[in-house]
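Asks: Handing you this structure, nothing more for now.
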Amino acid sequence: MKLRFDTDTFREILDSLLRNKSRSFLTGFGVFWGVFMLMLLSGGGRGFKQMLNNEFEGFAQNTCILFANQTSKPYKGFKEGRFWEMTYDDVDRLKNLMPELETVSPTVALWGKTVVRGDVVSSRAVVKGTRADYALIETPKLKYGRYINDTDNAQERKVCVIGKRVYNELFPEGGDPCGQRIRIDGAYYSVIGVNWNEGGININGNAADMVIIPINQARKAYNLGNAIQLLCFTAKEGFVMSDLTPRAREIICRAHYVDPTDEQALFLLNTQLIFGIVDNLFKGVNFIIWLIGLGTLLAGVVGVSNIMMVSVRERTTEIGIRRAIGATPRQILGQIISESIVLTLVAGMSGIVFSVLILYGVELGTMEDGILEAPFQVPFWTAMLAASLLAVLGVVAGLMPALRAMRIKPVDAMRDE
Amino acid sequence: MALIELKGINKTYNNGQPLHVLKGIDLQIERGEFVSIMGASGSGKSTLLNILGILDNYDSGSYHLDGTLIKDLTEKQAADYRNRMIGFIFQSFNLIGFKTAVENVELPLYYQGVPRKKRHELAMEYLDKMGLSPWAHHFPNEMSGGQKQRVAIARALITQPQIILADEPTGALDSKTSVEVMGLLKQLNKEDGITIIVVTHEGGVANETDKIIHIKDGMIGEIEENTRHDAWGGSIIK
């Protein structure tokens, strides 16, 4: 006689499990909770990572940003505490002296501007002057029109690319705004594009609040002279930004008589470092998630094993009767292990299903304009892996109790209850 | 050859102090006999029954069941013999509480791998024989002692065994149901020719059988022929 898997076997298993419903339920709950936590945490972790990545969206991950600040060290006869500014010449200086750099692009920004279209007003906008190559640093997500180009800049055209919020406030009726004029500080600019970017990582404030104009126009309109505020650059493929930053700092500082060791005077932001930190952070978070999840799951499985042990002891007579009327030890072993597998699987599967439902709810909650922000859902194969892991754990949990059940002799059934 | 043939069976229990329970049992039981084994408690009659039922091993001697030597069987072989050759009836009925009467009767066939439908039909047939078909879907705790024992008998019969081993089958029953159950066993012996061995310590029960084997201190004592059912002065049960 061999172990059969048919409806009969299954009914036997169900009968045994349903006989003690609340106990089976509570036992299964341990496994359920373990799987639920594991799936929920791993799905959630994935989603949050994606959401964070969304924040970085459209932002070159190997960018370095330079920003001039008050000096903190005396240098070459200059006292500390001096204010200084980078100039337009620094762009060419870097570009020429450091062939490893891909793009070098300056920006200027003016905060708290009010943008007017007819009698509609959008306040707290940021006017930002850039060049065409700035698009390589912070990629615009253009809903309408185009970005600033080199001709705009060379001819100092009064054109602008507006951010999402500015667009929504100035053009509540929607539609393509290109060619329409808006007014900032008494000057009229025609809209040439709408930038739909909304990433959380931005330079000079939120992209949604931006009105981007050609930098030459900005310098002229706001009398900025030769000064620039930020100098952004990216490295060519194959270069590590951290290796390049000391030289960039050196070049800029020497040109302006600033101590190259003065870290306060020239603030340097290397995004590659930040991305690295975030990446490592999520690796750590993932590790902890699996540690907690698997730990909880293991505790649940130990619970199943424990209860099966109690159950076998309780059912000594029943198992003895079964043996007396012809069950082989192997059949008994099979039954106990099957019970354990079924209990573990059913509990685990409901854990998976429940976590999938919850994660689906989270996805719905974070959805915006019907577009999925980040996939929180557990990947299909992770769920499959979890399911097969559960089956294995079921066998492991059932093994000890089953071996004990196998040792029950039919004579035990005859002893008076 | 006799259906059951025991030669020089010895059995010692080694639970702390060695206990020599069976001291050289020689016994032959022919096909179709209705036998009782009588003895006081501690006489070794239950041990003998366990050995007959292949529930327990013996230390020395030989036990032939239907010509096969029953010795050092694997658990699997033992289970198979029990399943096909022997039907058990216990004092405490030993029905499985969470299964209905018909499911209990089906169980031996389940372990034989008989398909569900056929199993169910057969079980209903045997329950009907016991006059229990209206109770087929009741659970043991909804039935009287006599009914439970009849379910147990149906379960013992369903594999069409050659032997029925009954361990104090009336021990938990009142005298009226005891008579009924013994009558039922007698009928099975007469009509279906099943060999029946009853272990008891009650004279009245033993008197219903055709042969009474007395066992005392682990040895076979007197073997009474009782075809006229007048042992114990033809006493009634209890």
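Asks: Across the stretch A:276-417, what fraction of all alpha-carbon pairs, as a whole percent, falls in each successive 10 Å bin from zero upward?
Replies: The calculated distribution, bin by bin, is 11, 29, 25, 16, 11, 6, 2, 0.
Asks: Here is a follow-up. Taking a cut-off of 15 Å between Cα atoms, list the aspartates and glutamates near A:Lys76, but don't count ones fewer than 8 places away on the same chain.
Replies: A:Glu250, A:Asp259, A:Asp262
Asks: Something else now. Using the per-residue mean of other Cβ atoms lying within 10 Å as a proxy for protection, in what order, highest first, do the peptides B:83-91, A:294-302 fall? Mind dumping the intermediate values first?
Replies: Values: B:83-91: 22.0, A:294-302: 18.4.
Final packing ranking: B:83-91, A:294-302.
Asks: Over what distance in Å are the Cα centres of the stretch A:302-372 and the stretch B:1-52 separated?
Replies: The stretch A:302-372 and the stretch B:1-52 have Cα centres separated by 45 Å.
Asks: In the protein assembly as shown, what is the volume of the convex hull around the alpha carbon atoms, normalised per residue and reported in Å³?
Replies: On the way: hull volume 155.5 nm³, N = 655.
Dividing the Cα hull volume of the protein assembly as shown by its residues yields 237 Å³.
Asks: Further question on the same structure: Fewest to most neighbouring Cβ within 10 Å: what's the order for A:Leu18, A:Leu136, B:Leu55? Write down the numbers at each step before the final one.
Replies: Values: A:Leu18 10, A:Leu136 15, B:Leu55 23.
The fewest-first ordering by Cβ neighbours comes to A:Leu18, A:Leu136, B:Leu55.
Asks: Also, quick follow-up: What ranking do A:Ser72, A:Ser22 get, fewest neighbouring Cβ atoms within 10 angstrom at the top?
Replies: Ascending number of Cβ neighbours within 10 Å: A:Ser22, A:Ser72.
Asks: Kindly flag which residue pairs out of A:Lys49/A:Lys158; B:Lys11/B:Lys117; B:Lys76/B:Lys211; B:Lys76/B:Lys176; A:Lys113/A:Lys283; B:Lys76/B:Lys148 have an alpha-carbon separation exceeding 31 Å in this structure. Present the calculation step by step, with values, prior to reporting the outcome.
Replies: On the way: A:Lys49/A:Lys158 40 Å; B:Lys11/B:Lys117 43 Å; B:Lys76/B:Lys211 33 Å; B:Lys76/B:Lys176 40 Å; A:Lys113/A:Lys283 41 Å; B:Lys76/B:Lys148 29 Å.
Flagged as over cut-off: A:Lys49/A:Lys158; B:Lys11/B:Lys117; B:Lys76/B:Lys211; B:Lys76/B:Lys176; A:Lys113/A:Lys283.
Asks: Let me know the shape class of the stretch A:106-215, please: from the alpha-carbon gyration tensor, a ≥ b ≥ c as square roots of the eigenvalues, rounded when a/c is under 1.5, otherwise prolate if a/b is greater than b/c, or oblate. If you can, show how the numbers build up before the last one.
Replies: On the way: a/c = 1.34, a/b = 1.20, b/c = 1.12.
Judged from the Cα gyration tensor, the stretch A:106-215 comes out rounded (a/c under 1.5).
Asks: Follow-up question, since we're still on this one. For chain A, what relative contact order do you get, as a whole percent, if you take Cα pairs closer than 8 Å and at least 6 residues apart? Mind dumping the intermediate values first?
Replies: On the way: 750 pairs, mean separation 113.4, N = 417.
This gives 27 percent for chain A.
Asks: Something else about it: So for B:Glu106, B:Glu168, fewest C-beta neighbours within 10 Å to most, what's the order? If you can, show how the numbers build up before the last one.
Replies: Working: B:Glu106 26, B:Glu168 21.
Ascending Cβ contact count within 10 Å gives the list B:Glu168, B:Glu106.
Asks: About the Cα centre, and with charges only on the beta carbon of Lys, Arg (+1) and Asp, Glu (-1), how big is the dipole of the protein assembly as shown? Nearest 20 debye, please. Present the calculation step by step, with values, prior to reporting the outcome.
Replies: Values: 69 positive and 72 negative charges, 210 e Å.
Using only the charged Cβ atoms, the result is roughly 1000 debye.
Asks: With runs of 4+ DSSP H residues as the only contributors, calculate the mean residue ellipticity of chain B at 222 nm using -39,500 (n - 2.57) per run, divided by the residue total and rounded to the nearest 500. Walk me through the intermediate numbers first.
Replies: Values: 8 runs with 85 residues, N = 238.
Only helices count here, giving -10500 deg cm²/dmol.
Asks: How many angstrom lie between the C-alpha centres of the stretch A:160-199 and the stretch A:63-132?
Replies: What the calculation gives is 23 Å, centre to centre.
Asks: Related question: How are the Cα pair distances of chain B distributed, in percent, across 5 Å bins from 0?
Replies: In order of increasing distance, the bins hold 1, 7, 14, 18, 19, 17, 13, 8, 3, 1, 0 percent.
Asks: Rounded to the nearest 5, what % of the DSSP beta bridges within the stretch A:106-215 are antiparallel ones?
Replies: Details: 18 of 28 bridges.
Among the beta bridges of the stretch A:106-215, antiparallel pairing accounts for roughly 65 percent.
Here, each number is a calculation from the coordinates, and none is a lab measurement. The structure presented is a predicted model; accordingly, all values stated were derived computationally and were not measured. When we count neighbours, we look across all protein chains shown, and the Cβ atoms used for this are built from the backbone with ideal geometry, even at glycine.
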